[in-house]
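I have placed the structure first, in the form of structure tokens, so that the comments after it can refer back to it.
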Amino acid sequence: MKNTTSYTSEALFIEGGRALKGRVRVSGSKNASLPILMASLLSKETSAIENVPELLDTATAFELLRSLGAVLEFEKGRVLVDASSVNNHRAPDEVVRRMRASVLVMGPLLARFGRATVSMPGGCSIGVRSIDQHLKVFEKGGASIEVKHGYINLEVERIRPVEYTFEVITVTGTENALMFLSGCEKRSILRNIALEPEVMDLVEVLRKMGVEVEIEDRTALIRGIAETKGFFHRVIPDRIEAGTLMVAGFLTGGDVLLEDVRVEHMGSVIEKLKEAGAEVDILSLGSLRVKGGGVVKPLSISTAEYPGFPTDMQAQFMVLCSLADGISEIRENIFENRFQHVAELQRMGADIHVRDRVALVRGVDRLYGAEVYSTDLRASAGLVLAGLVAKGRTVVKDIHHLDRGYEKLEEKLRALGATIERLPPKDA
Ligand code: EPU
């Protein structure tokens, strides 16, 4: 394909207007794979994890585990981790900057070795994203914390049982705390925990490792063991990828059948899609079909912790609202700076006004293809969706953000009938 523009990172070229039709398999969940990979550090025995998506973020997690001394094999979504020879306890700045979820090594390293050093994660594009709640649990469990030269040094001789109520509901904070407390043989209590399916997938893994975990409402009771076992686990499907594909099917007036989805995890997204006018048929516990075509109705969306509407679907639904017949209101409650896709969508003709954490979206008849920039993972997914429905050609630049979290998205969309192509990076 010919293009005259310069790109410093790969870009996606999309010719809008094709209705997506056919079957598509949802990949394994990124946000479940990452903590589960880190959990393998807890045991000297080998662990096997299936359905791990091939992404930039999982590759970064492999690199991090290897740098700690673990031996990994990865083939066709199956990872074998032998963490018996881990001898390094430090997550370097260069890796943490690329992937904040690297902080998830803290819990397991402390549980198994009593020490961890992790570069202090700075702010990121979607918000400040502090890790104070992670650290509070470690401190309550007896860990000493020292921040020096941009690194957090943690040390604990023997983990004490913890009783802690999270001040904010945090996904990775809950995961880190659970892994940390797996190293304490007395019973701990965590309240106000995150209940995201990805957290529950980790809980299942910890149970397989021999850790006792009971969850009741937002409370976890946890009792660790001295020697955790290796585990075999198949990661849950990615509910955010599934939701993104569902919006694509609906908005393009298509008919898409999703396979390998966990319907029970899709509640709030299905509800909003139906409210917007989509036909969603649940075919089984693991497959569903989405059809679009009619008028798109405006929505009122307020992001919330699971089982509420996921912040990771906010950008994609903003595209939907941009084409609705009326005014929608989208409130972002989880992150303070997660509206960066707005400026790019405006370039495509969307009518959006943001005030603090609320976006008012006045539906327009159509969006128009343009050159737009990805700013973060889910923003890029939103821009791809916008490109699929826009009139004319869209070039989504800086798609390394997209590659962090969507496995072969353009191949999947192409198989459904989209005109989408990856453009190689070119120097300016
Ligand atoms: N927060 C604190 N203190 C803490 C931890 C969090 O104030 O110690 C605040 C954050 O600043 C934020 C809110 O609590 O305002 C929720 O953050 P949370 O900790 O739940 O987010 P996270 O664990 O860093 C995970 C996902 C995100 C997803 C959020 C919310 C992973 C690896 N990441 O992040 O996924 O948006 O939960 O559901 O699981 C993505 O995949 O695109 C992505 C950003």
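Within the option set 359, 350, 315, being assigned by TED's automatic domain parsing to the domain that holds residue 241, of a type in the set (A, V, I, L, M) and either closer than 20 Å to residue 30 by Cα or surrounded by fewer than 21 Cβ atoms within 10 Å (Cβ to Cβ) (or both) holds for one residue only, 315.
Within the set 332, 344, 371, 336, the sole residue that is open to solvent by less than 10 Å² (accessible area, probe 1.4 Å) and among the acidic types (Asp, Glu) turns out to be 332.
Being open to solvent by 30 Å² or more (accessible area, probe 1.4 Å) and either farther than 17 Å from residue 30 by Cα or away from the ligand (no atom under 16 Å from the Cβ) (or both) is a property that holds for residue 232.
In region 140-178, which residue that is touching a Cys at 6+ places or on another chain (Cβ under 7 Å) and crowded, with 19+ Cβ neighbours inside 10 Å is farthest from residue 109 (Cα to Cα)? Among residues in region 140-178 that are touching a Cys at 6+ places or on another chain (Cβ under 7 Å) and crowded, with 19+ Cβ neighbours inside 10 Å, the one farthest from residue 109 (Cα to Cα) is 141. Candidates 278, 242: the one that is among the small types (Gly, Ala, Ser), surrounded by 18 or more Cβ atoms within 10 Å (Cβ to Cβ) and more than 19 Å from the chain's Cα centre (by Cα) is 278. Considering 402, 388, the condition of being crowded, with 22+ Cβ neighbours inside 10 Å, more than 21 Å from the chain's Cα centre (by Cα) and of a type outside the set (Ser, Thr, Tyr) is satisfied by 388 alone. Of all residues in region 123-140, one or more are at negative phi and in a strand (DSSP E or B).
Among the residues of region 224-234, none qualifies, meaning not one is touching a residue at least 12 places away in the same chain (Cβ under 8 Å), in a helix (DSSP H, G or I) and touching an Asp or Glu at 6+ places or on another chain (Cβ under 7 Å).
The residue that is modelled with the lowest pLDDT, among those in region 373-410 that are more than 14 Å from the ligand (Cβ to nearest atom) and among the hydroxyl-bearing types (Ser, Thr, Tyr), is 373.
The values are calculated or read from the model by the stated rules, or taken from the named source; none is laboratory data. On a predicted model such as this, the values are computed, not experimentally measured, just so you know. Note that each Cβ is placed from the backbone with ideal geometry, even for glycine, and that neighbours are counted across all protein chains shown. Surface accessibility is based on the protein's heavy atoms, side chains included, excluding ligands, DNA and RNA. Shrake-Rupley method; radii C 1.70, N 1.55, O 1.52, S 1.80 Å.
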